[in-house]
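I have placed the structure first, in the form of structure tokens, so that the comments after it can refer back to it.
Quick note: the coordinates plus some simple rules give every number you see, no bench work behind them. In this text the structure is predicted, and so the values were computed from the model without any measurement. Note that each Cβ is placed from the backbone with ideal geometry, even for glycine, and that neighbours are counted across all protein chains shown.
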Amino acid sequence: MIDTIAQHPMLAALIALVSLGVIFGGLLGFAAEKFKVHGDPIVEQIDNLLPQTQCGQCGFPGCRPYAQSIADGDAINKCPPGGQNTINAIANLLDVPAPALDEEHGEEEEIKTIAYIREDECIGCTKCIQACPVDAILGAAKLMHTVIVSECTGCDLCVEPCPVDCIDMLPVVQGIVQWHWPTPPATIDLIATSKMSSQEDAA
Amino acid sequence: MQEFAVILVSSILINNYVLVQFLGLCPFMGVSKKLESAIGMSAATTFVLTLTAMASYIVNELVLMPLGLIYLRTIAFILVIAAVVQFTKMFIEKTSPLLYRVLGVFLPLITTNCAVLGVALQNASKDLNFMQSSLYGFGAGAGFSLVLILFSAMRERLAAADIPQPFEGAAIAMITAGLMSLAFMGFSGLV
Amino acid sequence: MSRTWETPGGVHPPENKLQSMTQSIGHLPIPGTLVIPLHQHIGSPETVDVTIGQTVLKGQKLTTAIHSDNLPVHASTSGTVIAIDDHPVAHPSGLNALCVTIASDGKDQWIERTGIADFRRCGPLDLLQIITDAGIAGMGGAGFPAAIKLSPSNDKTVDTLIINATECEPYITADDAAMRGKTQDLIQGIEVVCHILNGPKRVVIGIEDNKPQAIKALRSYVQESSIKIVPFPTKYPSGGEKQLIYILTGREVPSGGLPIDLGMVCLNIGTLIAIKRAIVDGEPLISRITTVTGEACGVNRNYEVLIGTPISHLLTHNEFDENNCSRLIMGGPMMGFSLTSTDVPVVKTTNCILAPSHSEIPVDTPAQACIRCGLCAEACPVSLLPQQLFWYAQAKDQERLEAHNLFDCIECGACSYVCPSNIPLVQHYRSSKGEIRKANIDKIDADNARQRFEFRKLRLEQADKQRQAKREARRLVTEQARAASSTSQPGSSAADIIAAAQQRAITKKASPDQQKAKLERALLAAQSRLQEAEKRLIEATINGSTKQQTICSASVESARQKVDQAQHRLRELTD
């Protein structure tokens, strides 16, 4: 049989390639079934790096939807509370370049702020309680509301809904316990265009 | 025994596929930014190379030669390579989604990696037997891994170093690759 | 002679110890005010127990405990409490901390002291409680509560007690002076600790060979059978706990572990003397031996200083010349930190005040680029790779820093000392350690916030489901009621029911007057809110940041819009 096919080169070529294709296609189909993938664990890993303030400044209603969007290819520089550190960490995870923070979504805050309710002016309307994404405000209808400082993430979603505008965002006081040594200044610039000196100029 | 040692030394060091024959430069430059992804990529490519060398030998011996279809070698080998790469892709996606994510488009691009096709075609043109072909394939993969891992380790250090701006990124990487290539050319005449 | 091992690395800076050992331990006159910080140890501070204006006696406890890692502070002399507030303290940050300020009355009157001469009759736990109540922290510089270090643990027995008499850092001679001047107190302190630890098999005093007089003094009081005195060659930094353990026993404390893991406890000379004072004399920790040295001070000497003495008091009594002093250092030249003010008080861990002249310790030359010489790796006593740590500290690569054991660095300064480019390596490592710690705390906070968010989502979903269920139930009830009513009144139809509902709605609707009043009230409220917003905008323009101004102007805008809307609605109604 081989000889007959060998005598008709066109036919030989056709049969050879088609049969090879069929064999490999069959093998791949079998492998596709065996190695089926469910779900997307990448989203979990990206979500672990986000700061969980659930503030919505990235344009998504929470950190997990933004993590999902990053897994689908969205830009990684939309999170102001996370700042440049979070952008670098996500870039490291996904092996993509780390861009600067997208100012459109907000600026990176140097000092963390915590919400504070001026209790004299509070009318007990519960609008801020409904707005807080981590339930950090204690209170009930027609009763005093107050912010639980240890749970507040500083997302400032409660400031808008307050009808008497009695919520302030106060900076957290950094005492001796929170202090740590600052980075020493960079070494002297021998080359004007080196990375360290351009980072210093940008900073 | 000695023959196998010669084949391995030849394909890993003397005729290194990346730095001496300049094949497979695309993943070499593209996946070498992080050590972990480089290790993953080199493992995948070695797997593909060995399997391809074996499969292409079988296809060549059993289908192409008897039917006198030598001129279809390139197409047939590409078919084999594509199937093997697709299989590798599915395997990696299942076992390590992060690696799959990190390799990104470079995983299916192993199909067009000229080193893989180069190994298959070189084996066929040199008329080697099955053992020798597979060893060449494995040696090519090992040589690729060696160079890729070394290069990515260097690139990681370069990323943290204080490089003048005009040289950052691809420029300093190319210079480094050139210097590595010079070093590997020193192996010529070893065997 | 016992065998000693040699630690890797290390440097030999000039010792400069002879200047401060020409006289015996001195005593200073009692300062006018004493500033006693509440937080002088590793752990959390206690709460203040005294009030302003209260008279206190020498050795009186000023605080009460709330947690198990608390350590009290005591009044160092008799007098009146004049302030309990933030005051500059000796900390590299230069920040303030809560302190009790006492104005001394000069009488130096003690509280009633009950010493236990026969301490062997007491159980270890009672003795440990006395040590805690005396406020004894590690006086070698770390400040770890001594009682916690000596507490028995269920699974680890102590078979070796090591007394750290090394004092490897240049200039400091406080322990040397204590060994020569208070030898008997020291030996008694060792006996107390041996009793607390239930008689460890080995008791070793590790001392550098640059202190021959101290070795002689110790040998004259100690029976070699019970306590071994082991001198070893001088090298910096042999005085670190882990380094000393290796030198004396050849065993390494595992990374991230403690000496107790090897069955060893290591205590400083000053701590042992304080323990003796607390148990045998009944005196809490209110003074320590501090070296005052440096060319900018006319007198270099060791003093027994009251805790809380302002540094200025020490300096004035030692002919301090401010113009000659390049900077004031608390601690030694390798591990000490610069002080920004002389108001800061001496605390339990102040072993030295160093006032060098400009020629002695000149101002730092600026750092240059790393030339990869590798001298730092040769000098590191912990066998780390300072060059790699520096590289990754500059790149802020947290993962790689931890992989290179950044947290095993003891911050001794040997690498910075040998660096030919004058790179402040230890500062880089300290900064990286701080950033990593902060990042870990932020991670825990973020995980906590995520949990609360997920729980809130769950709670809202459940509330929603309950509401749905209730609505369903109500709907079923009304349907059944309608079915029941339709069977009893065949005349009712859908149209009748709708008409009845519309009738009810019409009667409920407010009269036009009531509506107008309501809208007028709404308008007034909107106008008052606008006034408030405008007031805040003016305040922000005067003394607020640009961000505050933008926020205020935005809220003024929205308030104005609401006023317009209210006016519009009112006009619609009246038209």
Inter-part gap, Cα centre of the range A:41-90 to Cα centre of the range C:142-202, in whole angstrom, is 52 Å
Of all DSSP beta bridges in the protein assembly as shown, what percent run antiparallel (nearest 5)? 65 percent
J(HN,Hα) series, the range C:203-210, from Karplus relation 6.51 cos²θ - 1.76 cosθ + 1.60, nearest Hz, glycine and proline x: 10, 10, 9, x, 9, 7, 7, 8
Placed amide H near C:G26: partners under 5 Å, 5+ positions off or other chain: C:N302, C:Y303, C:E304
If you average the C-alpha positions of the range B:62-122 and of the range C:21-91 separately, how far apart do those two centres end up, in angstrom? 76 Å
For peptide B:83-91, what's the mean number of Cβ atoms from other chains within 10 Å of each residue's Cβ? 4
Residue-averaged beta-carbon neighbours from other chains (10 angstrom radius) around A:46-59: 3
If you line up the long axis of helix C:494-508 against the longest principal axis of chain C, both from Cα atoms, how many degrees apart are they, to the nearest 10? 70 degrees
So which helices of chain A fit the span-like rule, where a helix is a whole DSSP H run, its Cα atoms reach 20 Å or more along the axis, and its mean Kyte-Doolittle is at least -1.0? A:9-34
For chain A, which cysteines have no disulfide-compatible partner, meaning no other cysteine Cβ under 4.7 Å? A:C58, A:C63, A:C79, A:C122, A:C125, A:C132, A:C152, A:C162, A:C166
Given unit charges at Cβ for Lys, Arg (+) and Asp, Glu (-), the dipole magnitude of the range C:370-482 about its Cα centre in debye, nearest 20, is 1220 debye
Using per-residue counts of other Cβ atoms within 10 Å, averaged over each peptide, order C:18-29, B:57-68, A:59-70, B:131-142 from highest down. B:131-142, A:59-70, B:57-68, C:18-29
Interchain or sequence-distant (5+) residues whose placed amide H lies within less than 5 Å of the amide H of C:S326 are C:S357, C:H358
Please name whichever of C:V346, C:S255, C:T183 sits farthest to the positive end of the charge dipole of chain C, dipole taken about the Cα centre and charges placed at Cβ: Lys and Arg +1, Asp and Glu -1. C:S255
Chain C: angle of helix C:386-395 to the longest principal axis, Cα-based, in degrees nearest 10: 20 degrees
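Considering only Cα-Cα distances, which of the following residue pairs are longer than 32 Å: C:K107/C:K228; A:K78/C:K396; C:K182/C:K438; C:K17/C:K438; A:K34/B:K126?
Those over the limit are C:K107/C:K228; C:K182/C:K438; C:K17/C:K438; A:K34/B:K126.
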Over the range C:370-482: Rg over Rh, Cα atoms, Kirkwood Rh: 1.57
Alpha-carbon centroid distance for the pair the range A:141-182 / the range C:249-284, whole angstrom: 44 Å
Taking θ as phi - 60°, what are the ³J(HN,Hα) couplings along the range C:213-218 by the Karplus curve (6.51, -1.76, 1.60), each to the nearest whole Hz, with x for Gly and Pro? 5, 5, 4, 4, 4, 5
Let me make sure I get this right: for the range B:55-173, a, b and c are the square roots of the gyration tensor eigenvalues over alpha carbons, sorted descending. Under 1.5 in a/c it's rounded, otherwise prolate if a/b > b/c, else oblate. Which is it? prolate
Given the range C:1-112, what percent of its DSSP beta bridges are antiparallel, to the nearest 5? 95 percent
In chain B, whole DSSP H helices that both stretch 15 Å or further along their axis by alpha carbon positions and average at least 0.0 on the Kyte-Doolittle scale are B:35-59, B:73-95, B:114-126, B:130-160, B:170-185
Over the range C:513-574, what number does the Rg to Rh ratio reach, with both radii from the alpha-carbon atoms and Rh per Kirkwood? 1.15
Per-residue average of other protein chain Cβ atoms inside 10 Å, peptide A:91-99 -> 3
Charged-residue dipole, Cβ positions (Lys, Arg, Asp, Glu), the protein assembly as shown about Cα centre, Debye nearest 20: 2240 debye
Integer Hz, Karplus 6.51/-1.76/1.60 couplings in order for the range C:436-453, x for Gly and Pro: 5, 4, 5, 4, 5, 5, 4, 4, 4, 4, 5, 4, 4, 4, 5, 4, 5, 5
Long-range HN-HN contacts of C:V89 with modeled amide H, under 5 Å: C:A97
Mind checking which of C:Q548, C:A522, C:Q561 is farthest towards the positive end of the range C:513-574's charge dipole, using Cβ charges of +1 (Lys, Arg) and -1 (Asp, Glu) about the Cα centre? C:A522
I'd like to compare C:436-449, B:150-163, C:64-77: which one has the highest average count of other Cβ atoms within 10 Å, and what's the full order after that? C:64-77, B:150-163, C:436-449
Using eta = 1.306 mPa s and T = 10 °C, Stokes-Einstein with Kirkwood Rh from Cα pairs puts D for the range C:54-212, in µm² s⁻¹, at 86 µm²/s
Could you give the dipole magnitude of the range B:18-185 about its Cα centre, charging the beta-carbon of Lys and Arg +1 and that of Asp and Glu -1, in debye to the nearest 20? 160 debye
Of B:P97, B:V119, B:G137, farthest towards positive along the dipole that unit charges on Lys, Arg, Asp, Glu beta carbons give the range B:87-186: B:P97
Indicate, rounded to the nearest 5 percent, the antiparallel portion of the DSSP beta bridges found entirely in chain C. 60 percent
Excluding residues fewer than 8 positions from C:K470 in its own chain, the lysines with Cα under 21 Å of it are C:K457
Please give the helix C:124-133 orientation as an angle from the longest Cα principal axis of chain C, in degrees from 0 to 90, rounded to the nearest 10. 70 degrees
